[in-house]
Amino acid sequence: MIHPLEKFKFCPVCGSSHFEVNNFKSKRCSDCGFTYYANPCSATAAFIMNDRNELLVVRRAKEPAKGTLDLPGGFCDMDETVEEGMRREIKEETGLDVEEMRYLFSSPNVYEYSGMGVHTLDMDFLVRVSSDTIATIHAADDAAEAFWIPVDKVNPAEFGLTSIRNAVIRFLATIQRIDFQEDKNSNKTPDFFPQT
Ligand SMILES: [Zn+2]
């Protein structure tokens, strides 16, 4: 995949063609001294569980990986906190209101967009949504559809984006640990939001 700085041929400050590779994450203009850094874009992904032990997934409406499964989420906007970005994306893609969220882990990703590799850093959250809104799920924006899958039927191979697929694998391993910690004689649903 093409490095994100490969397409930047000219210095954006003085227009010089001497805009050269400085190191793996920056280019520098040898005429005016301007240095530009390519940093990963902040992004979010949500593991939304209901009380029937099901995970909410969406089907991607757009490339890349159009038609494959995904988690609600997306890029953070400028001047937005990660938590605000997570709430906004869940609302946009599913119509649901977030009641509680807990940071789980992060996963770097690179995917092809406009002929170059766009690097992102996904931040994954465990999310509980308001039970008042849970019946009103409607897919929109980047999601073609949104539906629940029993967590033991979730297949990571159906998730098209590498970082999301890896996050799903990691999440399922986490769930197994949570299950393991539960009393085996109890039919109680695992508590995904243990008090710390
Ligand atoms: Zn310059």
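Summed over region 155-170, residues that are in a loop (DSSP other than H, G, I, E, B), of a type outside the set (Gly, Ala, Ser) and modelled with pLDDT under 95 total 1. For Ala157, the requirement of being within 20 Å of Ala167 (Cβ to Cβ) and touching a Ser or Thr at 6+ places or on another chain (Cβ under 6 Å) is not met. Looking at region 124-141, is at least one residue closer than 29 Å to Lys25 by Cα, crowded, with 19+ Cβ neighbours inside 10 Å and not assigned by TED's automatic domain parsing to the domain that holds Pro4? Yes, some residue in region 124-141 is closer than 29 Å to Lys25 by Cα, crowded, with 19+ Cβ neighbours inside 10 Å and not assigned by TED's automatic domain parsing to the domain that holds Pro4. For region 26-33, the criterion of a residue being hydroxyl-bearing (Ser, Thr, Tyr) and either farther than 21 Å from Val168 by Cα or not assigned by TED's automatic domain parsing to the domain that holds Thr174 (or both) is satisfied by at least one position.
Selection over region 96-129 of residues that are modelled with pLDDT under 90 and either at positive phi or β-branched (Val, Ile, Thr) (or both) gives a count of 5.
The condition of being at pLDDT below 95, among the small types (Gly, Ala, Ser) and under 30 Å from Ser130 (Cα atoms) holds for Ala61.
Sort out which residues of region 15-39 are modelled with pLDDT of 95 or more and among the basic types (Lys, Arg), and write them in order of number. The answer is Lys27, Arg28. Counting only strands (runs of 3 or more DSSP E) that fall entirely inside region 7-83 and contain at least 1 residues that are touching a residue at least 12 places away in the same chain (Cβ under 8 Å) and away from the ligand (no atom under 16 Å from the Cβ), the qualifying elements are 41-48, 54-60, 73-75.
The values are calculated or read from the model by the stated rules, or taken from the named source; none is laboratory data. All of these numbers come straight from a predicted model, not from anything done at the bench. Neighbour counts are summed over all protein chains in view; Cβ atoms, including those assigned to glycine, are modelled from backbone coordinates with ideal geometry.
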